[in-house]
Amino acid sequence: MALRPFCSALLRRRSALSAATALGSVAACLVVSHPKTAFAQFRPQPMHLNTGRPTSSNDPATFQADKVDYNDVEHTVTWTGNVQVWQGDRVLRADKIVYDKDTGVMAARGHVATIQSDGSVMYAHYAELTGGMKDGIMLHVNANMPDNAKMAANGVRRTGGKINDLSRVVYTACEICEKDKTRPPFWQFRAFNGTQDLEHQKIDFRDAYLDIMGVPVVYLPYFSMTDPSAKRRSGFLMPGITPHDRYLGTYFTIPYYWVINNQSDMTVQGLFATKTGPQLSALYRNRLNFGQLNIRGGIAYDTHRAQTYTNSFGVEERSGGNHGVQGHVFASGNFSIDRYWRGGANINLASSANYMRDYRVQGYGADTLNSNAYLEGFGTGSYTRLDGQYYQGLNQGVIHNADLPLVLPRFTYNFTGQPDILGGRLSVNTTDFNVKRDNGVSDQRGELQLNWNRPFHTKMGQQFLLTLRLDSMVYRARKLYQQPTYYNTARTSVSGQVLPTIALKTNWPFVRTFEHGRGTQLIEPIVQGIYAPNTGGGLNDLIPNEDSMSYEFTDSTLFSLNRYQGTDRLDGGLRGNVGIHANWTWDGHIVDLLAGESFQEHITRDMLPYSGLNHHASDVVARARVIPNQYFDFTARMRLDPHTTKINFGDALFSAGIPHFRLRGGYVYEPVTPYYYFATNYRAYSPNQLYTTKTSELSGGVSVDWDNWHASGFARRSLSRKDFVSLGGDFGYVNDCFGIDFLYMKQYTTIGGEQRNSTYLVTVSLKTLGAFGLK
């Protein structure tokens with residue numbers, strides 16, 4: 001093997017190279033002459049340091065070959081046998097290369113491969129290159145690109161190392177058939193000619209056809225795409241069209257993506273509709289060294305005028321002023337101050353719910369838009385947060401902005417200490433806030449909660465947990481006669497509560513193994529005793545209620561010291577909780593059961609109807625989880641009233657199926673809706689039927705997949721209201737480079753006096769090109 005440097009000062013280009021005429025089948029360009037040769041493994045390293053500047057014809061060159069012949073008469077150098085030539089950041093490989101020292105032209109034959117400036121490799125049968133290998137022609141070319149993209153052409157003319165003009169070019173991101181490489185891929189772009197701009201990272205095709213399985217389906221006089229080697233590039237994205245929408249009519253979307261710099265970008269989209277005015281929206285993203293920032297917003301001229309309608313309470317609602325110039329801003333950001341502190345905000349504001357509905361702004365259909373700003377700190381065993389919260393109502397006719405709170409400020413602190421000399425662990429918690437409502441209770445709260453846990457066990461395997469807890473709160477509130485408390489007083493009230501609690505819980509697990517240690521069986525009785533003064537749930541002291549509107553007594557809260565969701569309401573009195581837990585596990589089979597009941601000395605029957613705790617002996621709560629094999633699993637929970645034998649709460653989920661086929665289903669039952677305790681004065685009168693209608697809902701779905709095909713369907717029906725909530729289905733095909741999906745969904749929910757009805761969506765995805773949707 002010879003290794004000889006030569007001075008590139010002798011390299012002089014004396015004539016321009018003409019473009020080659022493409023010959024033969026374009027599909028054949030994708031075929032490697034010797035399939036056993038691994039061209040993709042050709043990644044030679046330059047033998048000179050890269051200075052970071054463009055390659056020049058005056059740069060020194062280095063070659064490596066099995067044999068070198070010098071012809072002093074013809075002024076040529078011929079390299080043969082595994083030839084590799086470097087010049088700057090350009091690399092050329094071939095079986096044979098002839099270099100003309102007079103013209104500066106290198107002619108390469110046989111397994112020609114050249115590395116482009118973007119790092120991709122271009123292969124050819126024959127090439128003539130000059131000017132530091134930046135200019136020249138190549139015949140029968142194919143290139144492997146990122147994301148499995150491939151491009152082939154009959155001929156390529158390279159100019160300045162930045163532009164490749166391609167003749168009779170094809171492009172695809174699909175796999176090539178191994179058995180028959182002349183077989184067309186699943187899809188390909190086939191064009192008369194094209195231009196690959198390496199500097200601006202784009203490829204332009206002219207007179208192009210999109211072939212699906214070898215059949216032309218779309219003709220495009222001109223098509224431009226981003227080079228697959230580009231991670232980010234400014235340009236227009238795939239436009240969208242929707243033939244029909246109730247509020248927009250037929251509308252078009254034209255998005256543009258702008259790369260601002262290495263850390264930020266922006267996507268701007270114009271929407272043009274036949275039934276209302278245009279909309280301009282944008283998404284700005286910035287990734288900083290100390291945080292990130294996302295801002296999404298839009299402005300439109302909405303010509304729709306909302307109609308007066310009667311809501312579910314029988315009240316006439318007027319929605320005037322929700323037309324003309326409208327807009328929204330959704331912004332989020334979080335920023336690290338130091339290793340212990342960070343701050344951020346989530347701002348979500350819209351001019352009206354009707355604007356969000358008319359322009360399909362993401363988030364419409366929720367009850368509220370929530371905004372907050374926060375500062376939080378992290379320490380060893382501690383957490384601190386200071387924030388403010390703002391809510392905007394969207395469910396017109398049910399939730400009004402005047403009813404929603406402004407929380408400013410809200411302070412939270414949690415601390416858990418290390419084990420002390422007695423073996424216990426102390427924790428300190430507080431959540432303090434100021435809540436203001438235009439229509440409803442406005443109040444302030446200060447809180448301090450101390451909790452001490454001491455676990456221990458006996459030689460017989462009994463496990464004990466001793467808990468000492470002290471809750472203390474002080475309040476100042478006005479308008480207590482309004483929602484959500486509805487007290488019979490109009491004065492400003494200062495109140496408080498202090499509740500010491502002592503609890504002892506014991507678990508006695510009995511465990512055995514079977515099937516030679518492969519299976520375990522567990523029987524675990526659980527007993528807990530709790531004592532605290534009986535406070536009557538705070539009702540007699542005119543205590544506000546912001547965080548304890550829902551009382552959840554299920555298997556998950558059976559052994560909780562406080563079964564309210566927050567601390568404005570506290571469980572007091574003497575009570576005992578008992579339960580039995582059983583578990584069998586063997587060879588991937590699982591059966592897990594829990595049942596229990598609470599016994600209490602003091603009860604307040606009218607405090608929370610349907611709570612399950614209206615008698616000295618509570619409802620029985622139970623949970624079952626059964627997984628007999630990989631084809632079926634089932635989980636169910638319930639709460640049974642032993643006095644009436646009625647089920648006051650229940651839910652169940654199951655999943656069953658075999659490979660490529662799956663069934664799923666669920667059911668939930670509650671005597672009232674979740675809004676019952678918040679939105680109604682249930683102690684004074686019978687609430688509206690909207691909140692007292694039982695929740696009895698059934699849902700189910702099925703999914704199937706085979707080879708590259710998939711299909712699914714789902715349905716959700718309210719049995720108590722005798723109506724569907726939603727239903728739909730999905731059907732599609734996907735392979736390594738192509739996907740098509742058909743989606744149908746119908747929603748029966750009415751918001752603001754209007755119902756969305758049906759949505760149809762067709763999405764076509766081409767790998768490396770993007771997705772096109774038709775709604």
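Every number here is computed from the coordinates shown, using simple stated rules; none is lab data. Because the structure is a prediction, the values reported are computed rather than measured. Virtual Cβ from ideal backbone geometry, glycine too; neighbours counted across all protein chains shown.
What order do you get for 623-632, 349-358 when each peptide is scored by the mean count of other beta carbon atoms within 10 Å, highest first? Intermediate values should be presented prior to the final figure.
Numbers: 623-632: 14.2, 349-358: 22.4.
Descending packing order for the listed peptides: 349-358, 623-632.
Show which aspartates and glutamates lie in cross-link reach of Lys746 when reach means a straight Cα distance below 19 angstrom and same-chain residues fewer than eight apart are skipped.
Cα-Cα hits under 19 Å: Asp245, Asp358, Glu697, Asp723, Asp730, Glu754.
Taking R0 as 22 Å, what FRET efficiency do you get between Asp207 and Thr182 from their Cβ-Cβ distance, rounded to the nearest 0.05?
The computed FRET efficiency comes out at 0.45.
Within a Cβ distance under 12 Å of Thr242, other residues only, what is the Lys/Arg minus Asp/Glu net charge?
+3
Just rank Ile740, Ile97, fewest to most, by other beta-carbon atoms within 10 angstrom.
So the ranking, lowest neighbour count to highest, is Ile740, Ile97.
At 0.36 nm per residue, and after removing the present C-alpha to C-alpha distance, how many nm does the segment from Phe236 to Ala771 gain when stretched out fully?
Stretched out fully, the Phe236 to Ala771 stretch lengthens by 191.3 nm.
Show me the three semi-axes of the equivalent ellipsoid for the stretch 696-774, from the C-alpha gyration tensor (sqrt of 5 times each eigenvalue), largest first, rounded to whole Å.
30, 17, 6
First measure r as the distance between the Cβ atoms of Tyr70 and Tyr340, then evaluate 1/(1 + (r/R0)^6) with R0 = 60 Å and state the FRET efficiency to the nearest 0.05.
For Tyr70 and Tyr340, the calculated efficiency is 0.25.
If each residue of separation counts as 0.36 nm, what is the full-extension length gain between Gln483 and Ala711 once their alpha-carbon separation is subtracted? Display every interim value, and only then the final one.
Values: separation 228, 0.36 × 228 = 82.08 nm, distance 4.71 nm.
So the chain would gain 77.4 nm between Gln483 and Ala711.
Just for the Cα atoms in the chain, what are the lengths along the principal axes, largest first, rounded to whole Å?
Rounded to whole Å, the extents work out to 115, 73, 51 Å.
What percent of all Cα-Cα pairs in the stretch 314-442 falls in each 10 Å bin, counting up from 0?
Values per bin, smallest distances first: 11, 29, 28, 18, 9, 4, 1.
For Lys162, give me every one of the lysines with a C-alpha distance below 17 angstrom, ignoring sequence neighbours fewer than eight places off in its own chain.
Correct list for Lys162: Lys134, Lys202.
Can you give me the relative contact order of the chain as a percent, contacts being Cα pairs under 8 Å and 6 or more apart?
Worked out over the chain, it gives 5 percent.
Please list 3J(HN,Hα) in residue order for the stretch 120-134, calculated via the Karplus relation 6.51 cos²θ - 1.76 cosθ + 1.60 where θ = phi - 60°; whole Hz, with x for glycine and proline.
6, 10, 10, 10, 8, 7, 8, 8, 10, 10, 8, x, x, 6, 8
Amide H to amide H, which residues 5 or more places from Asn322 or on other chains are under 5 Å from it, using H placed in the peptide plane?
Result for Asn322 returns Ala306.
Which value at 222 nm does the chain reach when only helices count, each DSSP H run of 4 or more adding -39,500 (n - 2.57), with the total divided by all residues and rounded to the nearest 500 deg cm²/dmol?
For the chain, the value works out to -500 deg cm²/dmol.
What are the semi-axes of the equivalent ellipsoid of the stretch 223-351, taken as the square roots of 5 times the eigenvalues of the Cα gyration tensor, listed largest first and rounded to whole Å?
Result for the stretch 223-351: semi-axes of 34, 25, 10 Å.
Once you've got the Cα coordinates, tell me which of Lys179/Lys231; Lys436/Lys694; Lys150/Lys179; Lys150/Lys775 are over 23 Å apart.
Lys179/Lys231; Lys436/Lys694; Lys150/Lys775
Which order results if Asp302, Asp420 are arranged by neighbouring Cβ count within 10 Å, fewest first? Show your work: numbers first, answer last.
Working: Asp302 23, Asp420 11.
Listing Asp302, Asp420 from fewest to most nearby Cβ atoms yields Asp420, Asp302.
For His615 and Ser718, calculate 0.36 nm times their separation in residues minus their Cα-Cα distance, and state this gained length in nm to one decimal.
34.0 nm
Give me the one-decimal nm value for the distance between modelled label points at Ala282 and Asn439, 7 Å along each residue's Cα-to-Cβ direction.
3.7
Can you put Ser758, Ser703 in order, fewest other beta carbons within 10 Å first?
Working: Ser758 11, Ser703 16.
Least crowded to most crowded, the residues run Ser758, Ser703.
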